[in-house]
Amino acid sequence: MAATAVIPTVSLWHSVVYNVMHVLPAYSRGLFTPNKFWTGLWDRLQPDPAAVKFVSRLRKKYHSDYLYIHVLTKKSLLVLDPDGIRHVLDHSPDIYADAKLKRKGMSHFQPDAVTISRGEAWRDRRRFNESVLDSGQALHRHADQFLDIINGETRHVLQSKQLKWSDWADLFDQITLQVIFGKGIRDNTSLQALRQLMRQSNRGFGLDKSSQFDAFYDNIQRRRESAPDTSLAGLCKHAPVTEVTKPDNQIPHWMFAMADTLAINTARALALITSHSEAEQAVREEMAATRLNTAAAVRSLTYLRGCVQEAMRLWPTTPTLVRETLQDDRLGGAPVAKGTQVLILNSFNHRDREQLDFADRFEPQRWQQGDSINYRFNHLSNGAQVCAGKELALFMATAVLAKLLATHRFALQRPMLDRRKPLPYLYNHFKLSFSIRPI
Ligand code: HEM
């Protein structure tokens, strides 16, 4: 079905339905940081099953894996074909660059961040990010120090009989501050300020410079300058920096990706493990066979790491990757004009029941073969702009879960997951609650 000489445009009615089912829920749930009220509301209404079926229907009706559809007033290209997705991501950001809405929204809290950069500036900032984050390395050079921070903070959670989202969020705030700015840093003013800026960005319009902006960046600069070498901020002085790099503007991405995105994904992985007894059994067997006292030992827990990847596949925290073509190109054999907005729908591709028999099941063992690159699954993206913190994020999530599960049992109290039914399309992390007891 993939190749087509002319890409069909869906009818106006189908565009309207798509906007109601996909665009409106995604916008109200929060483009840059999740909104508690709207996440709760859409979770109760559960529009996504219908939205996933709707995209399947469009694919069948128009006999194409490439569809032009209107997102509000902007004509956009939906790419459902894994080969097309590969082409887009392998040529990002050189041909497929950041889209206008993302650039506008993110510039409010992280102007000049790598993810909204193009051309030479992107290459420069990507080099800097990769150098600090040790991208592509199985273990970050300071992974043992990070493990020490994670174990120390996670221990506190285990003193309680219950674990709620607010406790979990605090845990990840404390881990994030120390991994980024150094052991013992606990003042979370900078994280609170960043979240405030991100909430403003969710609007997507009327984004004048915030009164908190300068104080936020002064704080980051001060913390970076005094950060020890064993922290990410401390590594900035050893990374390649030019006049275009802007190190302080790269740090907010690490902050929200760790304190918020990673926190959500790790919590969901715990919910999945504890509601699938055979998976929990496999996790416990894998852990029992390993002495978990080093970062390398945590890195060897490939099944547990697969649980984290699978949580991300099932509920991708980036539901859509959005790009804009910088030049004319071809996709699926058809011409695509410069200036086209291109959409990769993770929320659909990851749950495409017609192509994946395991779409709505928890199957962590699938990720054990070295996380083989598959352009259908882009919760951490793929290609040139693949998540620069991929290895670090997976390591940190695995380390937190290993520490929790090594000595305690968790029972999921809510939101409940029924393993006999297809897993829901949304999972409201704000409502999470577990009971805890020692083994
Ligand atoms: C579970 C946690 C995480 C998830 C699900 C995630 C996901 C993603 C995704 C989907 C992208 C591509 C976005 C796009 O192209 O539109 C991305 C990019 C990026 N991520 Fe992550 N990320 C996570 C954690 C982290 C962490 C902890 C860091 C840093 C400490 C990080 C650093 C980055 C950077 C710098 C980019 C931009 C890369 C570029 O544009 O060249 N991420 N991430």
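The values are calculated or read from the model by the stated rules, or taken from the named source; none is laboratory data. Just so you know, these numbers come straight off a predicted model, no measurement behind them. Every residue, glycine among them, receives a Cβ derived from its backbone with ideal geometry; neighbour counts consider all protein chains shown. Note: areas computed on protein heavy atoms with side chains; ligands, DNA, RNA excluded. Shrake-Rupley method; radii C 1.70, N 1.55, O 1.52, S 1.80 Å.
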Next on the checklist: Is it the case, given these coordinates, that residue 206 is within 13 Å of the ligand (Cβ to nearest atom), surrounded by fewer than 15 Cβ atoms within 10 Å (Cβ to Cβ) and not basic (Lys, Arg)?
Outcome noted: no
Checklist entry - Just a yes or no: is a residue in the range 61-69 within 16 Å of the ligand (Cβ to nearest atom), closer than 25 Å to residue 351 by Cβ and assigned to a strand (DSSP E or B)? => result no
Checklist outcome for this item: Within the range 91-134, residues being surrounded by fewer than 18 Cβ atoms within 10 Å (Cβ to Cβ) and either among the hydroxyl-bearing types (Ser, Thr, Tyr) or farther than 30 Å from residue 75 by Cα (or both) number 4
Checklist entry - Looking at the range 182-197, which of its residues are closer than 28 Å to residue 143 by Cβ, open to solvent by less than 10 Å² (accessible area, probe 1.4 Å) and hydrophobic (A, V, I, L, M, F, W, C)? => result 191, 194
Item to check | Candidates 392, 401, 326 - the one that is buried (at least 23 other Cβ atoms within 10 Å of the Cβ), of a type outside the set (Lys, Arg) and more than 30 Å from residue 421 (Cβ to Cβ) | outcome: 392
Item to check | Sole exception among (1) hydrophobic (A, V, I, L, M, F, W, C); (2) over 17 Å from residue 261 (Cα atoms); (3) away from the ligand (no atom under 15 Å from the Cβ) for residue 193, by number | outcome: (2)
Item to check | Residue that is open to solvent by 30 Å² or more (accessible area, probe 1.4 Å) and within 12 Å of the ligand (Cβ to nearest atom), where the choices are 233, 257 | outcome: 257
Checklist entry - Out of (1) surrounded by 21 or more Cβ atoms within 10 Å (Cβ to Cβ); (2) modelled with pLDDT under 95; (3) more than 27 Å from residue 431 (Cα to Cα), what's the single condition that is false for residue 16? => result (1)
Checklist outcome for this item: Going through the range 210-230 in order, the residues found to be within 23 Å of residue 123 (Cα to Cα) and among the polar types (S, T, N, Q) are 221
Checklist entry - Take the residues of the range 172-228 that are of a type in the set (Gly, Ala, Ser) and under 24 Å from the mean Cα position of the chain (by Cα): which is modelled with the lowest pLDDT? => result 204
Checklist entry - What helices (runs of 4 or more DSSP H), lying completely within the range 85-185, carry at least 2 residues that are small (Gly, Ala, Ser), within 13 Å of the ligand (Cβ to nearest atom) and closer than 27 Å to residue 197 by Cα? => result 119-133
Checklist entry - Can you pull out the strands (runs of 3 or more DSSP E) entirely within the range 320-439 that have at least 3 residues that are within 20 Å of residue 172 (Cβ to Cβ) and either under 15 Å from the mean Cα position of the chain (by Cα) or at pLDDT 95 or above (or both)? => result 408-414, 433-438
Checklist entry - Give me the pairs: first residue in the range 52-68 and open to solvent by 50 Å² or more (accessible area, probe 1.4 Å), second residue of a type in the set (A, V, I, L, M), beta-carbon distance under 7 Å, and six or more apart or on different chains, which are they? => result 63/1
Item to check | Number of the exception - residue 217 against (1) open to solvent by 10 Å² or more (accessible area, probe 1.4 Å); (2) touching a Ser or Thr at 6+ places or on another chain (Cβ under 7 Å); (3) in a helix (DSSP H, G or I) | outcome: (2)
Checklist entry - Can you find even one residue in the range 373-395 that is within 12 Å of the ligand (Cβ to nearest atom), touching a His at 6+ places or on another chain (Cβ under 7 Å) and more than 16 Å from residue 308 (Cα to Cα)? => result no
